1. Quickly run through region 173-184 and pick out the residues that are open to solvent by 60 Å² or more (accessible area, probe 1.4 Å) and assigned to a helix (DSSP H, G or I).
2. So if I check each of LEU67, LEU78, LEU83, which one is surrounded by fewer than 17 Cβ atoms within 10 Å (Cβ to Cβ), over 15 Å from the mean Cα position of the chain (by Cα) and touching a residue at least 60 places away in the same chain (Cβ under 8 Å)?
3. Can you give me the number of residues within region 5-21 that are part of a helix (DSSP H, G or I) and open to solvent by 50 Å² or more (accessible area, probe 1.4 Å)?
4. Does any residue of region 130-149 turn out to be assigned to a loop (DSSP other than H, G, I, E, B) and either touching a residue at least 24 places away in the same chain (Cβ under 8 Å) or open to solvent by less than 30 Å² (accessible area, probe 1.4 Å) (or both)?
5. Can you name the residue in region 93-129 that is of a type in the set (D, E, K, R) and either part of a helix (DSSP H, G or I) or at pLDDT 85 or above (or both) and, of all such residues, is farthest from VAL66 (Cα to Cα)?
Amino acid sequence: MWIVPQWGLYGFVIASLSSIIATLVCLHHHRHVVHGEIADDSEADDDKSDKFSVSSRSSSRTRSSVLALWIAALGAYLVGGILYTFRVTNTQSGIVRDVKSFSVASIGKGVPTAKRNHEPAGGLIFLQIIWFLMGFTVPVVLLLLLGGLWFRRHSSLRHLRTWYMAAETALVFSGCEILLVSIV
């Protein structure tokens, strides 16, 4: 059995990504219209000695717990992307013909090879890039941004807001499970 992706799949992926980007642009403009600029940001930007972190208002036990959870999540995600995630068993008339295990990395690596010899691999390479970006890179970047948001010392509310919006954007793109399922 062969499944060949057609332009409908590529169109769906492009439309989904375009929709996410359009939503983020609309949210940005909405925030600008509703909230405007914070007046005291310029004063905080001038005085770099008064830095703060989001975690500074938490107890040392809470900071330690969040750090431990953050390290565990990052490690689990990195290792989980490499280790086998599921196994497919091919049976025919009750006889096991083939058993193959897959991981996030092995699926992504195998996407361009899932074609017949005469078919071009360009579209499949596009899907491979989307697979690794949405399924691996963006979630790791999100974890790094959340760590920076929580632990990094910020010089102003505007600086903190920039980190928050970057983390929010990464969160939106990391939730593209439907795209990943479509690629599989």
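1. Those that are open to solvent by 60 Å² or more (accessible area, probe 1.4 Å) and assigned to a helix (DSSP H, G or I): GLU177, ILE178, VAL181.
2. Answer to the selection: LEU67.
3. 8
4. no
5. The qualifying residue farthest from VAL66 (Cα to Cα) is ARG97.
Every residue, every condition in (1) more than 28 Å from SER55 (Cα to Cα); (2) over 23 Å from the mean Cα position of the chain (by Cα), yes or no:
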site	(1), (2)
ARG87	yes, yes
ILE107	yes, no
ARG116	yes, yes
GLN128	yes, no
MET134	yes, no
LEU146	no, no
HIS154	no, yes
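The values are calculated or read from the model by the stated rules, or taken from the named source; none is laboratory data. Values in this document were obtained by computation on a predicted structure and should not be read as measured data. Backbone-built Cβ (ideal geometry, glycine too); neighbour counts: all protein chains shown. Ligands, DNA and RNA are stripped out before the accessible areas are found, and what is left, the full protein with its side chains, is counted by its heavy atoms. Shrake-Rupley method; radii C 1.70, N 1.55, O 1.52, S 1.80 Å.
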